[in-house]
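Reading through the structure tokens given below for one structure.
The values are calculated or read from the model by the stated rules, or taken from the named source; none is laboratory data. Fair warning: this is a prediction, and the values are worked out from it, not measured in the lab. Glycine also receives a Cβ, built like all others from the backbone with ideal geometry; neighbour counts cover every protein chain displayed. With ligands, DNA and RNA removed, areas are computed over all heavy atoms of the protein, side chains included. Shrake-Rupley method; radii C 1.70, N 1.55, O 1.52, S 1.80 Å.
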Amino acid sequence: MSNPILALTYASLLLATSFILFRPDGGLFWQWRRQSHLTHRVLSEDALKHIYKNELINNMTTLDSVTGAIGISGNQAAILLHEMAKHGLLKLEGTEFKLTKRGRVSALHILRAHRLWEHYLAEQTGFIESEWHERAELHEHNMTLDEIDSLSNSLGNPTHDPHGDPIPTSSGDLVYHGGIPLSNQEIGQRLHIVHLEDEPKTLYSQLVALGLHPGMEIQVLEIGQHFVRIWAAGDEHVIAPLLASNISVVPVSEPDLDDMDESKRLSNLDIGQSCRVMRISRQCRGLERRRLLDLGVLPGTVIKAEMRSPSGDPTAYRIREALIGLRQDQASMISVVPL
Amino acid sequence: MSDNKAKRLLETAEKLRWDVGSTFHEGVVESIYSDAAHIADRAVNQKEKRSYFDLDRTIDRLVTSRFFGFPLMVLMLTVVFWMTISGANVPSSMLATLLLDNLYPLLKTGASTIGLPWWLDGLLIDGIYLAMGWVISVMLPPMAIFFPLFTLLEDLGYLPRVAFNLDNMFRRSGAHGKQALSMAMGWGCNAAGVIATRIIDSPRERLIAIITNNFALCNGRWPTQILVATVFIGALVPAHLAGIISALAVVIIALLGIVLTFVVSWGLSRTVLKGEVSTFSMELPPYRPPRILQTIYTSIIDRTLPVLWRAVLWAVPAGALIWTSSNVLIGDLSVAEHIVEYLNPFGILIGLNGVILLAYILAIPANEIIIPTILMLTVLSSRMDSFGAGAGVMFELDSLEGSLAVFQAGGWTLLTAVNLMLFSLIHNPCSTTIHTIYKETGSVKWTLISSLLPVAMGLTITFFVAQIWRLLGGVG
């Protein structure tokens, strides 16, 4: 019989090692595997995307910016860019890299694959918002042109990704949203969010946490030196100017008075109380939205809160004579007028 | 239409597509739904106000109330289990008498009359036929009781309320409330539980439900738990408490299964199946009087028989393997004994033994034959000639004392019993379930994860229990 103390020690060591190696987020084994997956093609496609995005906003693309954007050493970046220039994808003008016509076409294809994937992830899977971008990055490199087209077809040829970025068509057309950063807006003007920048991830997660989403109406209340105060989703938020510059907006074209008052949600309803539905938030999309419509949650529908689960959530609502259980975060997507 | 015109039309359409914006589709859909609702409101007459006393609402308030909601669920579950286990005893033993005590000797006699070679007779009758007979007699009665009861509760409208009550806990572990239903179905049979996860829409949450379904202690494992608990744990306390204590031990194992369901769902939804918790949106249908005969018929046709059929098919290779491994000799010892000896050091290390490990490998096709296999292998490897009917012939003992004697001869201690109960809860799903998981997910990767994750967990947990037990001075 082995010594239990010794056995326990060995086993704990074994468990600890395998935890370090195979931890699902950032385990050494996975990191190593991801590194070895960064093939030449993936890197050059990422570089194309980076240069394309820079050209769109009139930024210079230099060796340093490529190094930073795709996370390789300066040396590797130099070799990579040299190779790409040799294949006629880009040209050097002074210290600045520019895409050739061929390079731009390739960049648009990658962008198309990326944004279609994001659209797919948003509409048809349960992945969390801050994961869409990274997962799309993984998939965009493994697609042939035909596969991209059939993905687009199966999604109904969407025009915009969930962040509000336009998806290029197969012929390479795209219309920029024309939004202006929120940080440069007049106070008091009513604005529509047209785009949320999804990079870097930490900033994007903060935007998501605030409940902001394209299609939503917001208003700037105050712009200070170190903060921007906004009115959104029926609430006041104070955000950093850096965060505000990642939100692109356009002025509201036709004022819609109902829009501003999103403060009363179905989730705030007490048991036994009734209300009339005004709208379902734009944040609720894809299958989730369709499901609510299927259940008959439409502007004008009268809903009564009937009972709450003994564990506090979900709540059952009487909708068109049927008793439907909805979770709190679902109910908070529906703005209502209490009766 | 000329090509030119068509081309211009397409260009205009393409341009308009960009102009109307990204919310256009949703707007159209919404207005279609609104129109439909208006038409329905105009055309459909609704009965005036329902009666003052609304029975549905009263029942709903009771079954989802803070005080009675959870106790009622536990009560309902206990009743279903009690009816299943006690109700299945009689038909199970009748089937066993028919298939194992009467038909089996007949077949043996018949085989020797027509002069079947001993190995063919052994393989077909002692191996394959016995395994099939065992699976049928242990599996059919509980499933024929459990599934109709379960379907009745479903029909009645109670089960959606259970999902409604439990949803919050599942939501916190990143899963869906409907998993409560597939878990409950898993108590009948994990293969049926895996099929039942079809009611979960989100693929991510469905996978979580599939992987964790194995932690619902299925009917095939209850007999093992009850036998081991009665023989070892019941024996620790005075005779008049033995029954209740051993029942309690089994309940604790089943509850541990529920806890593991939540813990593993939580772990999965934060690692390999990371994602957003999707929505609940489940209808709580009005209560209906169940159609009893139809329910019994459909649940037997749709649930019991297909699952049983698959299990019987899988019993064929299991029976063949069990018989062959104990009858093919290498040197002086059978293959089974060689493997038992080889596995024994590792088995002892995790507080089990080589026989139990081999039994769990041989009996992957059906948890029902674990105890007969263990008994047969123990007798085989410890050379007890007074028990059993020969190498490769599974058997069960009518008396608990008999089982205890065999177990003790195999070197079992209280630790072995506790760890066997744990391992019986936490090990790979049976091959019927694995087969079903593969058919439902269509993915080798997820099938492997659902099969290997529980074994790895089971081995780890039994190892730590054994070592800590020994550290604290326990015998074993």
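Of all residues in region B:340-356, how many are among the aliphatic types (A, V, I, L, M) and buried (at least 22 other Cβ atoms within 10 Å of the Cβ)? Total satisfying the criteria: 5.
Going residue by residue through region B:159-174, is there one that turns out to be open to solvent by 20 Å² or more (accessible area, probe 1.4 Å), away from chain A (no Cβ under 11 Å) and more than 23 Å from B:T373 (Cβ to Cβ)? So far as region B:159-174 goes, no, none of its residues is open to solvent by 20 Å² or more (accessible area, probe 1.4 Å), away from chain A (no Cβ under 11 Å) and more than 23 Å from B:T373 (Cβ to Cβ). Scanning region A:139-160 for residues that are in contact (Cβ under 8 Å) with a residue 24 or more places away in the chain and not hydroxyl-bearing (S, T, Y) yields A:H139, A:E140, A:H141, A:M143, A:L145, A:I148, A:L151, A:L155, A:P158, A:H160. Set side by side, the residues B:T97, B:T64, B:T78 differ, and just one is of a type outside the set (A, V, I, L, M) and more than 25 Å from B:F164 (Cα to Cα), which is B:T97. Among the residues making up region B:67-83, those that are within 13 Å of chain A (Cβ to nearest Cβ) and in a helix (DSSP H, G or I) are B:G69, B:F70, B:P71, B:L72, B:M73, B:V74.
Total residues in region B:421-476 satisfying the condition of being in contact with a Pro (Cβ under 7 Å, 6 or more places away or on another chain) and open to solvent by 40 Å² or more (accessible area, probe 1.4 Å): the figure is 1.
Across region A:112-135, the qualifying residues are those that are away from chain B (no Cβ under 11 Å) and modelled with pLDDT of 85 or more, and the one among them that is farthest from A:G156 (Cα to Cα) is A:H114. Return yes when B:L124 is at pLDDT 85 or above, away from chain A (no Cβ under 14 Å), open to solvent by 30 Å² or more (accessible area, probe 1.4 Å) and part of a helix (DSSP H, G or I) and no when it is not. Against the criterion (at pLDDT 85 or above, away from chain A (no Cβ under 14 Å), open to solvent by 30 Å² or more (accessible area, probe 1.4 Å) and part of a helix (DSSP H, G or I)), B:L124 qualifies.
Of the candidates A:S44, A:S18, A:S65, the single residue that is modelled with pLDDT of 85 or more, open to solvent by less than 50 Å² (accessible area, probe 1.4 Å) and not aliphatic (A, V, I, L, M) is A:S18. Just one of the numbered conditions (1) open to solvent by less than 20 Å² (accessible area, probe 1.4 Å); (2) charged (D, E, K, R); (3) in contact (Cβ under 8 Å) with a residue 60 or more places away in the chain is not true of A:E134: (1).
If only residues of region A:286-307 that are surrounded by fewer than 20 Cβ atoms within 10 Å (Cβ to Cβ) and basic (K, R) are counted, the one that is modelled with the highest pLDDT is A:K304.
Restricting attention to region B:197-215 and to residues that are buried (at least 24 other Cβ atoms within 10 Å of the Cβ) and away from chain A (no Cβ under 11 Å), the residue that is farthest from B:V263 (Cα to Cα) turns out to be B:T197.
Counting only helices (runs of 4 or more DSSP H) that fall entirely inside region B:184-262 and contain at least 1 residues that are more than 18 Å from the chain's Cα centre (by Cα) and not charged (D, E, K, R), the qualifying elements are B:203-212, B:222-228.
Residues of region B:357-378 that are at pLDDT 90 or above and either within 14 Å of chain A (Cβ to nearest Cβ) or out of contact with any helix residue (DSSP H, G or I) (no Cβ under 6 Å at 6 or more places or on another chain) (or both): B:Y360, B:I361.
Within region A:314-327, the residues that satisfy the criterion of being facing another protein chain (nearest Cβ under 9 Å) and either of a type in the set (A, V, I, L, M, F, W, C) or within 27 Å of the chain's Cα centre (by Cα) (or both) are A:P314, A:A316, A:A322, A:L323, A:I324, A:L326, A:R327. Only one entry of B:S112, B:S93 meets the criterion of being closer than 15 Å to B:P223 by Cβ, without any contact (Cβ under 8 Å) to a residue 60 or more places away in the chain and small (G, A, S), and that entry is B:S93. Looking only at region B:400-419, decide whether some residue is within 20 Å of B:I364 (Cα to Cα) and among the aliphatic types (A, V, I, L, M). Yes.
Do the conditions hold for A:V336, that is, is it within 20 Å of B:P285 (Cα to Cα), more than 8 Å from chain B (Cβ to nearest Cβ) and among the hydrophobic types (A, V, I, L, M, F, W, C)? Answer is no for this residue. Identify all residues within region B:321-339 that are open to solvent by less than 70 Å² (accessible area, probe 1.4 Å), part of a strand (DSSP E or B) and aliphatic (A, V, I, L, M); write none if there are none. Of everything in region B:321-339, just one residue is open to solvent by less than 70 Å² (accessible area, probe 1.4 Å), part of a strand (DSSP E or B) and aliphatic (A, V, I, L, M), namely B:L333. Scanning region A:307-339 for residues that are more than 19 Å from B:R61 (Cα to Cα) and out of contact with any Phe, Trp or Tyr (no Cβ under 7 Å at 6 or more places or on another chain) returns A:R320, A:Q328, A:D329, A:A331, A:S332, A:M333, A:I334, A:S335, A:V336, A:V337, A:P338, A:L339. Applying the set (1) buried (at least 17 other Cβ atoms within 10 Å of the Cβ); (2) in contact with a Pro (Cβ under 6 Å, 6 or more places away or on another chain); (3) within 14 Å of chain A (Cβ to nearest Cβ) to B:N219 leaves exactly one unmet item: (3). Is there a residue being in a strand (DSSP E or B), assigned by TED's automatic domain parsing to the domain that holds A:I271, without any contact (Cβ under 8 Å) to a residue 60 or more places away in the chain and surrounded by fewer than 20 Cβ atoms within 10 Å (Cβ to Cβ) anywhere in region A:323-334? Within region A:323-334, none of the residues are in a strand (DSSP E or B), assigned by TED's automatic domain parsing to the domain that holds A:I271, without any contact (Cβ under 8 Å) to a residue 60 or more places away in the chain and surrounded by fewer than 20 Cβ atoms within 10 Å (Cβ to Cβ). Residue count for region A:237-281 under the criterion of being assigned to a helix (DSSP H, G or I) and modelled with pLDDT of 85 or more: the result is 3.
Residue count for region B:277-315 satisfying the condition of being touching a residue at least 40 places away in the same chain (Cβ under 8 Å), open to solvent by less than 60 Å² (accessible area, probe 1.4 Å) and within 11 Å of chain A (Cβ to nearest Cβ): 7.
Out of (1) in contact with a helix residue (DSSP H, G or I) (Cβ under 6 Å, 6 or more places away or on another chain); (2) open to solvent by less than 20 Å² (accessible area, probe 1.4 Å); (3) touching a residue at least 60 places away in the same chain (Cβ under 8 Å), what's the single condition that is false for A:M216? Failed condition: (1). Criterion applied to B:T224, B:T230, B:T212, B:T197 was being hydroxyl-bearing (S, T, Y) and under 24 Å from B:A131 (Cα atoms), and the one residue passing it is B:T224.
Can B:L217 be described as at pLDDT 85 or above and either within 22 Å of B:Y360 (Cβ to Cβ) or touching a Leu at 6+ places or on another chain (Cβ under 9 Å) (or both)? It is true that B:L217 is at pLDDT 85 or above and either within 22 Å of B:Y360 (Cβ to Cβ) or touching a Leu at 6+ places or on another chain (Cβ under 9 Å) (or both).
Among the residues making up region A:292-313, those that are at the interface with chain B (Cβ under 7 Å from one of its Cβ atoms) and over 31 Å from the mean Cα position of the chain (by Cα) are A:M307, A:S309, A:P310, A:S311.
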